[in-house]
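See structure below.
The values are calculated or read from the model by the stated rules, or taken from the named source; none is laboratory data. Keep in mind it's a predicted model, so treat the numbers as computed, not measured. Counting neighbours? That spans all protein chains shown, and the Cβs are built from the backbone with ideal geometry, glycine included. Remember, those area values only see protein heavy atoms, side chains included, never the ligands or the DNA or RNA. Shrake-Rupley method; radii C 1.70, N 1.55, O 1.52, S 1.80 Å.
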Amino acid sequence: MRFGLLGTGHWAAETQGAALAAHPEAELVGVWGRDPAKARALAERYGIRAYDGPDELIADAEAVAVALPPDIQSDLALRAARAGRHLLLDKPLAFTTEDADRVVDAVEERGLASVVFFTRRFARTVEDFLTRAAADGGWDGGRATAFASIFQPGNPYGGSPWRRERGGLWDVGPHALSVLLPVLGPVAEVTAVGGPRGAAHVLLRHRSGAVGTLALTLDARPAAVAHSCDFYGEQGVAAVPDAGISPVEAFTAATDRLLRAARTGTGDPCDVRFGREVVAILEAADASRRLGRTIAPR
């Protein structure tokens, strides 16, 4: 399958680009980015063409992989879907449910394959754990902590304007939700408060009656960096295992799943519909934090 890469930042170059260039069933045909110099450098690195505009690249590809800020991604994903291209997107899918809905509608109307890259969901150890946990049932709740510290010198994501503005809720929050939702199910209500160092503390009431809690920040003190997730209930406490694979390996698996979805016509568990569900919860948490009241996701 011919892929076009939209984006030229660190994640696009070191993860998406590297995985697609090495994939035996994918052909990376070109790259477009907002910085033409970076696009030319990335094209030279992978021996592909640097395109002057995204629509030209979309026209030459069968699928697009996107590594751009969510608001830019959602617009380009919509354009690609309307052109009949399969979608391999980053998280979060969009910043609003309205933008996410437009992408979902375009994908469904054309019968396209889609995958949103929630990194841990493409590690076999994590997927197997979530499948068993969902089958076991009896969980009273789940807890996820994602305390990152990206604003330290040398971090490739520290200069990202959207991460600085939106914080951990929108950057690491999707990863936490991608693990909680398959086990605890859809969310009925969201309550969130802000904390020190840009943290978001989120309480989820799931329709199953279970309760999920999230503690999220991109600006943790270096000594307080922590990443964990577990479930508790009849089975005791069960911790989600480490992924145990690199981001490139995870993206390779995501590419495999997009190719399978395109070939079989079967939706992926991490498709744009799931991506939209995550966006709705994040949007509700943002509103709850701002308004000081509980919000039901749309």
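So here's what we get for this one:
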quantity	calculated
Residues of segment 268-288 with amide N under 15 Å of a point placed 7 Å along Cα→Cβ from residue 294	285, 288
Gain on full stretching of the segment that runs from residue 165 to residue 226 - 0.36 nm per residue minus C-alpha separation	19.8 nm
Apportionment of accessible area to carbon and sulfur, the chain, percent (1.4 Å)	49
Rounded accessible area per residue of the chain, 1.4 Å, Å²	42
Under-5 Å amide H pairs with residue 149, H placed in peptide plane, nonlocal only	220
Of all DSSP beta bridges in the chain, antiparallel share, percent nearest 5	50
Fraction of antiparallel bridges per DSSP, segment 124-242 only, in percent to nearest 5	80
By accessible area with a 1.4 Å probe, ligands and nucleic acids excluded, highest first: order of 179, 248	248, 179
P(r) histogram, all alpha-carbon pairs of segment 1-123 included - 5 Å bins from 0, percent	2, 13, 23, 26, 20, 11, 4, 0
Sum of -39500 (n - 2.57) over DSSP H runs of 4+, divided by residues of the chain (222 nm, nearest 500)	-13000 deg cm²/dmol
Exposed-loop-free span, longest in the chain, where GluC sites (Glu not before Pro) count as exposed if DSSP calls them loop and at most 13 other C-beta atoms lie within 10 Å	26-233
Probe 1.4 Å - accessible area at residue 150, Å² to nearest ten	10
Relative contact order (%) - the chain, alpha-carbon pairs under 8 angstrom, separation at least six	21
Per-residue HN-Hα couplings for segment 73-86 [Karplus 6.51, -1.76, 1.60; θ = phi - 60°; Hz; x = Gly/Pro]	4, 4, 5, 5, 4, 5, 4, 5, 5, 5, 8, x, 9, 5
Approximate spin-label separation residue 52-residue 193, in nm, with each point projected 7 Å along Cα-to-Cβ	5.6
Nearest-0.05 FRET efficiency for residue 59 and residue 134, computed from C-beta distance (R0 35 Å)	0.30
Euclidean distance of C-alpha centroids, segment 178-252 and segment 42-66, integer Å	35
